[in-house]
Structures are given as C-alpha cells and as structure tokens.
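What follows is a set of notes on a single structure, which appears directly below.
The values are calculated or read from the model by the stated rules, or taken from the named source; none is laboratory data. Because the structure is predicted, anything quoted here is derived from the model rather than measured. In this analysis, Cβ positions are derived from the backbone assuming ideal geometry, glycine residues included, and neighbour counts consider all displayed protein chains. Protein only, heavy atoms only, side chains kept; ligands, DNA and RNA dropped before computing areas. Shrake-Rupley method; radii C 1.70, N 1.55, O 1.52, S 1.80 Å.
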Amino acid sequence: MILAVTALASPASAADGDVTFENDGVTLHGTVVAPPGGTKLPGIVMVHGSGEHSREDYRDQAEAFARQGIATLIYDKRTEGYSQFSRSYSTLADDALAAVEALRKRPEVDPARVGVWGLSEGGWVAPLAASRSSDVAFVVTLGANGVEPSRQQAWAIENQLRRLGMTGSIVGMASSTMMRQLVGGGVFPEARYDPVPVLKSLRQPVLGLWGAKDVLTPPGEAVRIFRDSVAHHTLRVFPDAQHQLRRTTDGFDKLDGYAPGYVELVGSWVNHPPTASSADAPPSQDRPSVSVTPLRWYESTWLQLAVLVVLLVAFAFGLFRRPRWLSVTGLLTVLGFLVVDVLLQTTMGKGLGPVVAGRPLPWLALQLLSLGVVAATIATGLAWWRQRSVRLGITLAGGVVFIPWAIYWGLLAI
C-alpha cells in the first residue's frame, strides 16, 4: 500500500534523518527522506550522475519518492579521488553499498527491500554495486548507458555541436579525433568501462527508464542492450522526456516537472515488483553511437606533443628575421587551435561564438590561417632553395610538419 504524505516528506528532525557512512577511508554524509511514521518501508539509495553533486541536487525526487511510501537516502558525493580526470566506478559503487548498509539499519526501513537508483553515470555505478551484494534488492536507472563512457560521450558531443549548427571537420575532430586522443592519453577516466558483463550478472530486478529525446545517452541502443542483458527487467521509455526524465521539447531544453508518470511508476514498481519482464520498444536514434577506436602508433599522445613542440619552436625561431609570414601564421594557428580545443572540451562548443557556414568563427579563422600557412610554406620553400639558409630551413621544416598535422586535426578539411 502506498502511503500518503501530506506534509513535507522529510524526517521529524534533521538529526533523525542525518546519516554518515564510510568507504575507502572517506566519511560520507547523507539524509534519509521518508514519510513520517512509516514502518517496514522499502528504501532507495540515490546514486549520482557525473560531476560534483550534493544531496540537495536529489532532494526533490527523494521527497517525491517519500510520497510514494519509499524511504530514500541522498548523500553528498565524494570529492576525494573524483574529478574530471580521475574517478573509479568501483569506488563509487562501494560508496553506494555503504549507503545501502546505512539505510538498511534505519528502524523505519525493511532491510530486505532496499535498492539503488542511478542517474546517467550512476547507471553504470548502481548496477555495479548491485552485482557485488545480495543486500541490494533492486536497481532503478535513469538515462543509463549500455555502451562505454567514451562512446557515449562522443555521441553526445556530436549531438551538441550539430544542435549549434556546426557541420564538417570540426564535428569529426571533436567527436572522434579529440576523443581518441583523450582516451589514448589516459585523461578520460573509465573510458573503456563495459557495462554489459555487469548487467548480465545481475539477479535483482531492474527498472530501466529513458527519455525518448535523450541527447546524452543513446536511448535506443541502451534499451536494446538492457533488454538483451538483464534477466529480470522492466524497461520504459517516456516520449517527451530528456536525459534526466525532465519534460522537454527537443532533448536540450529542460521544462518544469518530470515526465508524467515517472515518480508514480517508480513507486508502484518498488512497492509491488512485477514477476515478469517487459520492455517498451526502443526509441529511434538519428544515428548509432560509434566506438572510440584506439590510437595508431603515429597518433600517440607523446608524438602529438612532440609535434606541437617542433611547430612552436620552428615558427618562433623564424620571428627574428624576415620574412616572418610563415612564423606568424603558423604560431597563430597552433596557439589558436589549442585554445579552441580547450573550449570544445570545457563548453561542448557553446564557448566558440557564432556559427557561419557550419563553422564557428574561431574555427573558420583557423582554417583560413591554415591555408595561409600552406601558402607561406611554399613561398618559404622557394626562398630556401635560392638561399639555402639554415634559419629558413628550420622555419620551413615547421611548415612541412604543419601540413599533415593540420590535415589530421581537420584544419585543412571541409
């Protein structure tokens, strides 16, 4: 029976609801949100999406679940050992298990009916936690992926850039070349994590939920993978919802409120788990996600860094005597590319300004500069042939190295 909560679905006092638990030497702090006076309640531990999150980011959903008769533990995500460049799904899964143990000890909670809920990154972490402990009674996921994190991110980046009106080489550079370099350079944590073996190992029932207009997780692929991998599943797709199951018009905007029926579905499923598996039809995707392939030997991170050093030194060397055209255009292009690369990674393309002919203005400027470098390389080559100058030879070497480098990074491609 679902309990009605007319007052704020929070504990009688802050002290009553606050909990602490420990994993890997880190003490984590959380709050249990439950309907007042409830007994033998099912419980949910909410596992965060990617990035820094406090318990307050999930309080509105915890209160909604409390109105469905569920005691929910929300907690502050660890910061130690977690960043854009460092994280461990294994450690995060153990954090969730420590939270499960804390919730199972609550007097109002039925310890046999405590499960985990995971959003986005939590859709990798929550099933991993469940696979490690029979104390986890069930799994609920939102916007979970059935593919590797690097593959998901490449798909999401392309969606964002195309939404901004970008086409052509910058899209391929950002969603493929840049992603492959990040993975190959070891600065994309958990890039190759494969969720399928964990999903296949689960014996708990799984409620998987997706928005049909999700632009961060490939939803059609995810539904198919969960359907084929999870033994006991209930898979539902909400037609006008985005990644977090918020209402949306296009997958990018986030309207007020969650998808109609989401909270009630979680409540009914947790309180009365179905005995048979069922799945909605996978939503359509305009294109499939693509695996991020390993770097070839000539693409290695160290070689790329070495090429950058050669280019910067060669072009800087030529600044001290005329002609300087190759040095100036070369330096502007290389340094400008590094700035654009950082902006792409940190803003998903939104920091690159207006788009003209499918190219953001900084990228268009870099492509025009690259053509200037090629022309200047030819002119410098002719000058070197006449003079056989060592100084011109060093600068010319920079121009010669620049051409395949620029082709690789899409600066000389349409």
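Data for the structure
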| item | result |
| --- | --- |
| Additional length obtainable on full extension of the chain from V342 to L371, 0.36 nm per residue less Cα span | 8.2 nm |
| Förster radius 25 Å - calculated FRET efficiency between V290 and F252 (Cβ-Cβ, nearest 0.05) | 0.75 |
| If the convex hull is drawn through the Cα atoms of the stretch 367-414, its volume per residue in Å³ | 55 Å³ |
| Mean projection area, nm², convex hull over Cα of the stretch 162-215 | 6.0 nm² |
| Interchain or long-range residues, amide H under 5 Å from I44's placed H | A71, T72, L73, G115 |
| Helix-only mean residue ellipticity at 222 nm for the chain, each DSSP H run of n ≥ 4 adding -39500 (n - 2.57), per residue, nearest 500 | -13500 deg cm²/dmol |
| Enclosed volume per residue, in Å³, of the convex hull spanned by Cα atoms of the stretch 238-282 | 77 Å³ |
| Distance cut-off 21 Å, percentage of C-alpha pairs in the stretch 194-346 lying past it | 64 percent |
| Share antiparallel - DSSP beta bridges, the chain, percent rounded to 5 | 35 percent |
| Computed accessible area, E158, all protein chains, 1.4 angstrom probe, square angstrom | 30 Å² |
| Inter-centroid distance (Cα atoms) of the stretch 123-178 relative to the stretch 28-65, Å | 24 Å |
| At 0.890 mPa s and 25 °C, Stokes diffusion of the stretch 69-119 via Kirkwood alpha-carbon radius, µm² per second | 199 µm²/s |
| Amide hydrogen neighbours beyond the local backbone of A144, cut-off 5 Å, H modeled | S120, L209 |
| Radius of gyration, Dmax [the stretch 313-414; alpha carbons; angstrom] | 14.7, 47 |
| Relative contact order (percent, whole number), the chain, Cα cutoff 8 Å, 6+ residue spacing | 13 percent |
| Under the Karplus curve 6.51 cos²θ - 1.76 cosθ + 1.60, θ = phi - 60°, whole-Hz ³J(HN,Hα) for the stretch 283-298, x wherever Gly or Pro sits | x, 6, 10, 6, 6, x, 6, 10, 4, 7, 6, x, 6, 7, 4, 7 |
| Taking N as its residue count, the alpha carbon Rg of the chain over 2.2 N^0.38 Å | 1.21 |
| Largest to smallest accessible area among D286, D240, D253, D214 [probe 1.4 Å] | D286, D240, D253, D214 |
| Across K200/K350; K40/K213; K77/K213; K40/K254; K77/K105, pairs whose alpha-carbon gap is larger than 30 Å | K200/K350; K40/K213; K40/K254 |
